[in-house]
Amino acid sequence: MKATLTLLVLLCATSWCAAEDVRVREEAVRLLERANAVSLAPNLPNLERTVAFRVLDSASGAQEGTFTRVVIQGTGRREETSFGDYHVIDVWTRGRLATSRTREVAPPEIHDLMRLTPIWLVRFDHEDVIHSITDRQSGERKLRCIQFDTVAGQRSNNNELCVDAANGTLVTMKVEQNYVENSDFFPFAGALIPAHISYSYAGIPKLEISQAMSVLTQVTPNVLAAPPNAEIRRTCKTYRRPLGVTMPQPKPGNGGGDYDIVVRGIIGEDGRVTDAVVQSYDRPDLNGEALSLIQQWVFTPGMCDGHLNATEASFTLHFQAR
């Protein structure tokens, strides 16, 4: 259930860090640590989580999907995802995964859904630059909003996190071009979880999510049964990750900005990438070139217990002056 991610930055200008007010930073860290604590349950029971979502900017219009997760503590869990022609059932028990899926790599919308639910939490890196904390009114709620910069290479992003002053929950988050709004928090197992989540990227609405969680007091006997015609995958005792051999990057342009395009795909047993999908949203016009280049990448394949192993991975292509 843990969905906490670390907010990473690569560089921090010394003059900015030196100018940071220590007391403001301490207060910002305290607010964010409280937000993480109030939305992470210390001890989870057997549970079921149900999610309904709408993808708002699909080329074919708004599309709907569902996700369910059933967890039997100490025994295993079952997950089912449906979105368009993508349908996956995964059942984890006794160190193995029984899976039935229409395709291997999830659409980018599903990747975002998993990142946002049950709640996307962050922590400050020691190089994040905190500027100020301000009070804001949102309806009947008082918010405490943290303004800070994230510096990546030569780029600096103005970010903001707002927490509920009363219960400490993370209400809104603007990190780079991501904007998340959590609302209608409900209590579950000692934590406060948002029933509704909205997600935008670069000002464009992407996802609307509704979720609920309930305690399982009675467990259906076949809830962790393998789905029909399932493929059985086992946990590796020894694993070697794929290593890049040939990874050509795009040719620089003659002007414009610099963009990173993230692609996800499967590094096969032959070391080549298949089933690639673009995860980024910044420059859709560069997606075709990114996917074409990925077909040229070659790796030494992953190894699982001494055997060749297909591995899902993320790849970043750097477009300069494009």
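Observations, loosely collected:
- Considering the range 122-148, the residues that are surrounded by 19 or more Cβ atoms within 10 Å (Cβ to Cβ) and among the charged types (D, E, K, R) include one that is modelled with the highest pLDDT, namely Arg144.
Conditions tested, residue by residue: (1) over 17 Å from the mean Cα position of the chain (by Cα); (2) crowded, with 20+ Cβ neighbours inside 10 Å; (3) of a type in the set (Val, Ile, Thr); (4) assigned by TED's automatic domain parsing to the domain that holds Leu31.
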{"site": "Cys162", "(1), (2), (3), (4)": "yes, yes, no, yes"}
{"site": "Ala166", "(1), (2), (3), (4)": "yes, no, no, yes"}
{"site": "Lys174", "(1), (2), (3), (4)": "no, no, no, yes"}
{"site": "Ser183", "(1), (2), (3), (4)": "yes, no, no, yes"}
{"site": "Phe186", "(1), (2), (3), (4)": "yes, no, no, yes"}
{"site": "Ala189", "(1), (2), (3), (4)": "yes, no, no, yes"}
{"site": "Ser200", "(1), (2), (3), (4)": "no, no, no, yes"}
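- Close Cβ contacts (under 7 Å, 6 or more residues apart or on different chains) running from residues in the range 17-41 that are assigned by TED's automatic domain parsing to the domain that holds Ala191 and farther than 10 Å from Ile130 by Cβ to residues that are at pLDDT 95 or above and of a type in the set (S, T, N, Q) comprise Ala35/Thr169; Val38/Asn167; Val38/Thr169; Ser39/Thr169.
- Neighbours by Cβ (under 6 Å, 6+ apart or cross-chain): first from the range 251-273, closer than 30 Å to Met303 by Cα and free of Cβ contacts under 8 Å to residues at least 40 places away in the same chain; second of a type in the set (A, V, I, L, M, F, W, C) and crowded, with 18+ Cβ neighbours inside 10 Å: Gly271/Phe299
- Condition check for Ser314: outside any loop (DSSP other than H, G, I, E, B), surrounded by fewer than 13 Cβ atoms within 10 Å (Cβ to Cβ) and in contact (Cβ under 8 Å) with a residue 40 or more places away in the chain: yes
- Looking across Thr93, Thr117, one residue alone is more than 30 Å from Val22 (Cα to Cα), touching a residue at least 40 places away in the same chain (Cβ under 8 Å), surrounded by fewer than 20 Cβ atoms within 10 Å (Cβ to Cβ) and of a type in the set (Ser, Thr, Tyr). It is Thr93.
Residue by residue, here is whether (1) surrounded by 14 or more Cβ atoms within 10 Å (Cβ to Cβ); (2) more than 23 Å from the chain's Cα centre (by Cα) holds:
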{"site": "Gly253", "(1), (2)": "no, yes"}
{"site": "Ile267", "(1), (2)": "yes, no"}
{"site": "Arg272", "(1), (2)": "yes, yes"}
{"site": "Asp282", "(1), (2)": "yes, no"}
{"site": "Glu289", "(1), (2)": "yes, yes"}
{"site": "Ile294", "(1), (2)": "yes, no"}
{"site": "Met303", "(1), (2)": "yes, yes"}
{"site": "Gly306", "(1), (2)": "no, yes"}
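The values are calculated or read from the model by the stated rules, or taken from the named source; none is laboratory data. Please read these numbers as outputs of a predicted model, since none were measured by experiment. FYI the Cβ positions are ideal-geometry reconstructions off the backbone, even for glycines, and counts take in every protein chain you see.
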